[in-house]
Amino acid sequence: MEPAPTPAGQLVAALKRFARRGLTIGENRIELFMVEVQEEHERLLHALLLALGVAVFGFLAGVALTLVIVVCLWASSPMAALLVLAGLYAATAAFLYWRLTVLRRDWRTLPATLDQLKKDRACLDKDLA
């Protein structure tokens, strides 16, 4: 016949179960974090390579277009041609700066990990209250 469990023995068993569950939850969250870090790394690298390609070929196209416009308008008004091009470039730079600030404002890093940690906290608050 087994001896009846004591309150101290029950407390130790409950603490072991709680610790085991806590470690399992922590392991799952760390795995989710690592997956998201890898996804962020790949997405950032892809975005940088695309941006580099856009920058290089956009620069080459801009140089060629600038030369064509300046050569075509040089006889009538070289100063006006250069001022129009400078204005166009400044407007494009302002637009791209605005797009960059919108992107930075809306950027969320590791959203699934943070959402899951918030859910875990809410669940713990509910269970402990």
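Structure above, values below:
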item	result
Karplus 3J(HN,Hα) series, Hz, for segment 69-75 with 6.51 cos²θ - 1.76 cosθ + 1.60 (x for Gly, Pro)	5, 5, 5, 5, 9, 4, 5
Segment Ala112-Leu65, length gained on full extension (0.36 nm per residue, minus Cα span)	12.4 nm
Mean residue ellipticity (222 nm) of the chain, computed from DSSP H runs ≥ 4 via -39,500 (n - 2.57), nearest 500	-32500 deg cm²/dmol
Within segment 29-129: Cβ-based charge dipole about Cα centre, in debye rounded to nearest 20 (Lys, Arg +1; Asp, Glu -1)	320
Stretchable slack from Gln10 to Leu45, in nm (0.36 nm times residue separation minus alpha-carbon distance)	7.4 nm
³J(HN,Hα), Karplus 6.51/-1.76/1.60, whole Hz, each residue of segment 60-68, x for Gly, Pro	4, 5, x, 5, 5, 5, 4, 4, 5
With at most 14 other Cβ atoms within 10 Å, longest stretch of the chain clear of loop chymotrypsin sites (Phe, Trp or Tyr not before Pro) (DSSP)	1-73
Candidate values (1) 110, 27, 11; (2) 52, 27, 25; (3) 43, 31, 27, label of the one derived for Cα extents along the principal axes in Å	(1)
Euclidean distance of C-alpha centroids, segment 66-129 and segment 10-34, integer Å	42
Trypsin sites (Lys or Arg not before Pro) restricted to segment 70-129 and DSSP loop, no more than 12 other C-beta within 10 Å	Arg108
Gain on full stretching of the segment that runs from Glu31 to Lys119 - 0.36 nm per residue minus C-alpha separation	30.0 nm
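A short reminder: the numbers here are calculations on the coordinates, not readings from a lab. Just so we're clear, the structure is a prediction, and the values are computed from it rather than from any experiment. Reconstructed Cβ throughout: ideal geometry from the backbone, glycine too, with neighbour counts over all protein chains shown.
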